[in-house]
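One structure below.
The values are calculated or read from the model by the stated rules, or taken from the named source; none is laboratory data. From a predicted model like this one, the values you see are computed outputs, not experimental measurements. Because the Cβ atoms are built from the backbone with ideal geometry, glycine has one as well, and the counts that use them run over all protein chains shown. We work out accessible area using only protein heavy atoms, side chains counted, and drop any ligands, DNA or RNA first. Shrake-Rupley method; radii C 1.70, N 1.55, O 1.52, S 1.80 Å.
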Amino acid sequence: KQKGTHTKPPNASGSLSVAPTSLGLDHSRLSFLPPLMAIPSDSEGGPNPKPVGVKDKDDGKAAPEDATNGLGREGEQDEDEDEDEIEEDEEDDGDEEAEENVTPSSERKNLDRLLRRLSGGPVRLRVHDVVIRGNTKTKDALIESEVLDAFRTASSMQELLQAAGLANTRLRQLDIFDSVNITLDSGPSELPGTANVVIDIVEAKNPLTGDFGVYSKPEARSWSLEGSLKLKNLFGYGDIWDASGAYGFDQTSEISTGVSLPRFKAISTPLMARVSLLSHDWLKFSSYKERLLGLSFGLISSGNHDLTYNLTWRNLSDPSRVSSKSIRRQLGHSLLSSVKYTFRVDHRDSHLRPTRGFAFLSTSQVGGLGPDSRILRFIRQEFDLRGAFPLGFYHAAVNFGVAAGAILPWGSGFMNSTTPLSERFYMGGQSSPVCNLGGPTSLLGFKLRGLGPSDLRRVIPPKRGEDEATASSERDASGSISSPGRDVTGGDFAVTAFADLSFDLPLKVFRESGVHGHVFINAGNLVKLTDDEFKNFSVKGFLEMFRSSAGFGIIFPTRFFRMEINYCYILKQFQHDHGKTGIQFSFSTP
């Protein structure tokens, strides 16, 4: 099969070949040319009219735009002609202008006739040919598999337009092309009621892209350097190879590389494989460091569904040697072999400032797939529901949400087992609950890992012969050894809820830039259920232990993130919680 040649769609004979796009809807084009107009057969133009000025496919010539162009000009060159000749020339010019308006008027009538036909009901039309041009590297099989279903069932003009839009979306998501132009043209004159689809693509001139940035996490008071490289369509199968790295100055570092394929042979869903090395520093919050070496496979990624498998070696260590008993029990090596399924729908009108719609997230994870005794065995479930509705004044809208999650061990002796430390729920931080669908984690006004179950760190007495000044510095006013602090150990069951009222600010400059205000209230709680703690659980006691905060602030939405300057007031907190009333900054990405 040669590039740029006609190929039959599956509703005819042969195969279908269509060219893709990866650009957004604002860059890709869907051209509708007048030769495709469906006009009643009793009209003057016949079943396949060719408006003036449109190139004829058979003879390659264009119909003249004005058959009278240049007529009646003889008298205009001689200024010495008498007045009768000048008047005669002016009359000829008037006739000429009238004739020039015939062509655009005819085209407008054809377009109006077409719109009436489309609004009156289905206009029967089928695809005759599809032409591919520009895919010098991308495999035809990949292109065909992306658009085959879209054009197969199109039997009318309306369905063909929808199919072209669907094909555009699918191919745009491949992210391997610079531009695309989809043109719908009329079929052969001897086959009325047919259309040709011509797709011109431009493959990426530079398949290697990269970015680098410095990012701040105010809730953790940390900074990180992050960079990534991406190589697109290396083998022509839409494959994307990428490598990324991140270095956090005091908390997290990551190096990872992976490859993704939009489909592979008979498998119609995207596939992904990734190797990563991560390091988390939780010494400040929980007295341990975490290192992970993992391999993950994306098995299903279709529509609202995602299924992944993870195999991760994990090592927890305590360089400070002051970790609590709960932390020390889980130090050392372990193996995570799990399957994770995610279902997500998001019908909100915006991720940064939703004013109507709803979103729902469900995440299910089963760990412990394997015979090794060191494999972590647990079942983890999360739900997150968000909603928004407008109030009808000042662009005001109410956002609300509820999130819940639970994790439990399974296997022999699970009643006496505990859940993995890293898989538990932790609450706090300054991320916005409006933007993120991330489960029961966000609670404005509280520090990262700033509430929930905790355990007293180990007290290390002074060594014999230690300097008296050093020993006295570790004693409090009563003369006893001062408390070394507590380790946040996370919870097995967590619930959060919030309500947020957003509104426009009175200044015009704020309204035009999208800057707006909001008031909010949020609450949450998490408890431990393992180690016989479930015996002490009660719904009433759980609700009474809810922490809560309220406040107001100004939101600065950008294309990539949402920045908030909030004043938070802690309504309720308990001993060992880390909530703070005052001004706080928040950066959130949708």
Restricting to region 363-391, name every residue that is more than 20 Å from SER296 (Cα to Cα) and either acidic (Asp, Glu) or open to solvent by less than 80 Å² (accessible area, probe 1.4 Å) (or both).
GLU382, ASP384, ARG386, GLY387, ALA388, PRO390, LEU391
Which of the residues belonging to region 232-260 are free of Cβ contacts under 8 Å to residues at least 60 places away in the same chain and over 24 Å from LEU278 (Cβ atoms)?
LYS232, LEU234, PHE235, ASP239
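Is region 401-411 home to any residue that is free of Cβ contacts under 8 Å to residues at least 24 places away in the same chain and open to solvent by 30 Å² or more (accessible area, probe 1.4 Å)?
We begin by selecting, within region 401-411, every residue free of Cβ contacts under 8 Å to residues at least 24 places away in the same chain; these are none.
No: region 401-411 contains no residue that is free of Cβ contacts under 8 Å to residues at least 24 places away in the same chain and open to solvent by 30 Å² or more (accessible area, probe 1.4 Å).
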For region 154-173, which residues satisfy the criterion of being touching an Asp or Glu at 6+ places or on another chain (Cβ under 9 Å) and either modelled with pLDDT of 85 or more or of a type in the set (D, E, K, R) (or both)?
ARG170
Take the residues of region 562-590 that are in contact with a Gly (Cβ under 7 Å, 6 or more places away or on another chain) and farther than 18 Å from ARG449 by Cβ: which is most open to solvent (accessible area, probe 1.4 Å)?
TYR569
Scanning region 543-561 for residues that are modelled with pLDDT of 90 or more and open to solvent by 40 Å² or more (accessible area, probe 1.4 Å) gives LEU543, GLU544, MET545, PHE552, ILE554, PHE556
If we keep only residues of region 268-297 that are closer than 24 Å to LEU361 by Cα and in contact with a Gly (Cβ under 9 Å, 6 or more places away or on another chain), then the residue modelled with the lowest pLDDT is THR269
Taking the stated definitions as given, is THR312 under 25 Å from the mean Cα position of the chain (by Cα), at pLDDT 90 or above and among the hydroxyl-bearing types (Ser, Thr, Tyr)?
no
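Anything in region 127-168 that is of a type in the set (Gly, Ala, Ser), out of contact with any helix residue (DSSP H, G or I) (no Cβ under 6 Å at 6 or more places or on another chain) and over 18 Å from LYS265 (Cβ atoms)? List them, or say none.
GLY134, SER155, SER156, ALA164, GLY165
Working only within region 157-212, note down all residues that are part of a loop (DSSP other than H, G, I, E, B), under 30 Å from ALA246 (Cα atoms) and not acidic (Asp, Glu). Outline the logic, then answer.
Keep residues of region 157-212 that are part of a loop (DSSP other than H, G, I, E, B), which gives 173-176, 187-193, 204-207.
Those left that are additionally under 30 Å from ALA246 (Cα atoms): 173-176, 204-207.
If the condition is that a residue be part of a loop (DSSP other than H, G, I, E, B), under 30 Å from ALA246 (Cα atoms) and not acidic (Asp, Glu), then GLN173, LEU174, ILE176, ALA204, LYS205, ASN206, PRO207 are the ones that fit.
Return the total of residues in region 300-347 being within 23 Å of ARG170 (Cβ to Cβ) and in contact (Cβ under 8 Å) with a residue 40 or more places away in the chain. So that I can check it myself, show each step before the final result.
Of region 300-347, the ones within 23 Å of ARG170 (Cβ to Cβ) are 300-308, 342-347.
Subset that is in contact (Cβ under 8 Å) with a residue 40 or more places away in the chain: 304, 344-346.
The number of residues fulfilling the criteria is 4.
A quick yes/no check of all residues on (1) at pLDDT 95 or above; (2) touching a helix residue (DSSP H, G or I) at 6+ places or on another chain (Cβ under 7 Å); (3) hydrophobic (A, V, I, L, M, F, W, C):
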{"position": "GLN330", "(1), (2), (3)": "no, yes, no"}
{"position": "LEU336", "(1), (2), (3)": "no, no, yes"}
{"position": "ASP349", "(1), (2), (3)": "no, no, no"}
{"position": "GLY370", "(1), (2), (3)": "no, no, no"}
{"position": "GLN381", "(1), (2), (3)": "yes, no, no"}
{"position": "GLY392", "(1), (2), (3)": "no, no, no"}
{"position": "ALA396", "(1), (2), (3)": "no, no, yes"}
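Scanning for something of a type in the set (S, T, N, Q) and surrounded by 17 or more Cβ atoms within 10 Å (Cβ to Cβ), does region 261-268 turn up at least one residue? So that I can check it myself, show each step before the final result.
First pass over region 261-268, keeping only residues of a type in the set (S, T, N, Q): 268.
If we keep only those that are surrounded by 17 or more Cβ atoms within 10 Å (Cβ to Cβ) as well, we get none.
The answer is no, given that none of the residues of region 261-268 is of a type in the set (S, T, N, Q) and surrounded by 17 or more Cβ atoms within 10 Å (Cβ to Cβ).
Quick one: count up the residues across region 306-334 that are part of a strand (DSSP E or B) and open to solvent by less than 50 Å² (accessible area, probe 1.4 Å). Steps first, answer last, please.
Of the residues in region 306-334, the ones part of a strand (DSSP E or B) are 306-317, 332-334.
Remaining after also requiring open to solvent by less than 50 Å² (accessible area, probe 1.4 Å): 307-308, 310, 312, 314-317, 332, 334.
Residues that pass the stated criteria total 10.
Within region 420-449, take every residue that is touching an Asp or Glu at 6+ places or on another chain (Cβ under 8 Å) and among the polar types (S, T, N, Q) and give me the one that is surrounded by the fewest Cβ atoms within 10 Å (Cβ to Cβ). Quick ask: steps written out before the conclusion?
Narrowing region 420-449 to residues touching an Asp or Glu at 6+ places or on another chain (Cβ under 8 Å): 422, 424-425, 428-434, 437-440, 446-448.
Add one more test, that the residue is among the polar types (S, T, N, Q), and what stays is 422, 430-432.
Working: SER422: 20, GLN430: 23, SER431: 22, SER432: 26.
Only one residue fits best here, namely SER422.
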Check VAL130 against each of (1) among the hydrophobic types (A, V, I, L, M, F, W, C); (2) touching a His at 6+ places or on another chain (Cβ under 8 Å); (3) modelled with pLDDT of 80 or more and name the one condition it does not meet.
(3)
Which pairs turn up if I take residues in region 185-210 that are more than 25 Å from ALA150 (Cα to Cα) and look for partners that are acidic (Asp, Glu) and part of a strand (DSSP E or B) with beta carbon separation below 8 Å, at least 6 apart in sequence or on another chain?
LYS205/ASP178
What are the pairs, 6+ residues apart or on separate chains, where a residue within region 439-458 that is in a strand (DSSP E or B) has its Cβ under 6 Å from a residue that is of a type outside the set (A, V, I, L, M, F, W, C) and open to solvent by 40 Å² or more (accessible area, probe 1.4 Å)?
SER454/ARG486; SER454/HIS576; LEU456/ARG486
Quick check: is even one residue across region 106-118 at pLDDT 50 or above, open to solvent by less than 20 Å² (accessible area, probe 1.4 Å) and under 30 Å from PRO270 (Cβ atoms)?
no
